[in-house]
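Input: a single structure, listed below in structure tokens.
The values are calculated or read from the model by the stated rules, or taken from the named source; none is laboratory data. On a predicted model such as this, the values are computed, not experimentally measured, just so you know. Backbone-built Cβ (ideal geometry, glycine too); neighbour counts: all protein chains shown.
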């Protein structure tokens, strides 16, 4: 899965998802480019699907979805896409696209709608199964860590994982707490984000 001959940032996939006929591999070089590829199980066959900037895959009973986008130099652009292979070849189609903001995390909730979390502190959205998008005001007020790596839901809680910790957000009260493995990590986090004051005192 080494595509560094195409782009030196494509040495290995940034995101990888097992599918019935092989693998979906998202290569993400930030502002230097991104691509989504399919690979056969043994890696001998492959083809490019799109230029989407994959942040997270989400497998549901309704299919495979992904949050994609990029924040760079004041530009925030992205979408939630649906991945399918209607004729045996994988394709990506847009389910919903915010006017401003790049979805970095994606979870599905009870009514088969989605919650997309913005990766740079600019917005969170609810998305209906048909792709109708609305701003999620309570979640948009929460300071999610920039460049977090994934999001997952368990019951009424969304967990957002970043380099140093996991943030737990209660979907009923919209209160959040930080699951920190060590005091040293906690101090490092607060020092790194002190100018933005997202953690309080």
Task: residue 83 being part of a strand (DSSP E or B) and either modelled with pLDDT of 95 or more or not assigned by TED's automatic domain parsing to the domain that holds residue 98 (or both) - done: yes
TODO: Please tell me if residue 76 is in contact with a helix residue (DSSP H, G or I) (Cβ under 9 Å, 6 or more places away or on another chain), at pLDDT below 85 and not assigned by TED's automatic domain parsing to the domain that holds residue 174.
DONE: no
Open item on the list: Against the condition surrounded by fewer than 20 Cβ atoms within 10 Å (Cβ to Cβ), more than 19 Å from residue 13 (Cα to Cα) and assigned by TED's automatic domain parsing to the domain that holds residue 24, how does residue 130 come out, does it pass?
Closed with: yes
Task: Count - residues of region 15-52 that are at pLDDT below 85 and either part of a loop (DSSP other than H, G, I, E, B) or more than 16 Å from residue 67 (Cβ to Cβ) (or both) - done: 4
- [ ] Kindly check whether there is at least one residue in region 49-71 that is loosely packed, with under 15 Cβ neighbours inside 10 Å and over 27 Å from residue 115 (Cβ atoms).
- [x] no
Task: Conditions (1) part of a loop (DSSP other than H, G, I, E, B); (2) surrounded by 12 or more Cβ atoms within 10 Å (Cβ to Cβ); (3) over 14 Å from the mean Cα position of the chain (by Cα); (4) at pLDDT below 90: number failed by residue 99 - done: (2)
TODO: State yes or no: is residue 105 crowded, with 24+ Cβ neighbours inside 10 Å and either outside any strand (DSSP E or B) or at pLDDT 90 or above (or both)?
DONE: no
TODO: Look at region 144-164 and say how many of its residues are at pLDDT 80 or above and either within 12 Å of the chain's Cα centre (by Cα) or assigned by TED's automatic domain parsing to the domain that holds residue 78 (or both).
DONE: 5
- [ ] Could you please let me know if residue 94 is part of a loop (DSSP other than H, G, I, E, B), surrounded by fewer than 16 Cβ atoms within 10 Å (Cβ to Cβ), modelled with pLDDT of 90 or more and assigned by TED's automatic domain parsing to the domain that holds residue 33?
- [x] no
- [ ] Could you check, for region 135-143, whether at least one of its residues is out of contact with any strand residue (DSSP E or B) (no Cβ under 6 Å at 6 or more places or on another chain), at pLDDT below 75 and crowded, with 17+ Cβ neighbours inside 10 Å?
- [x] no
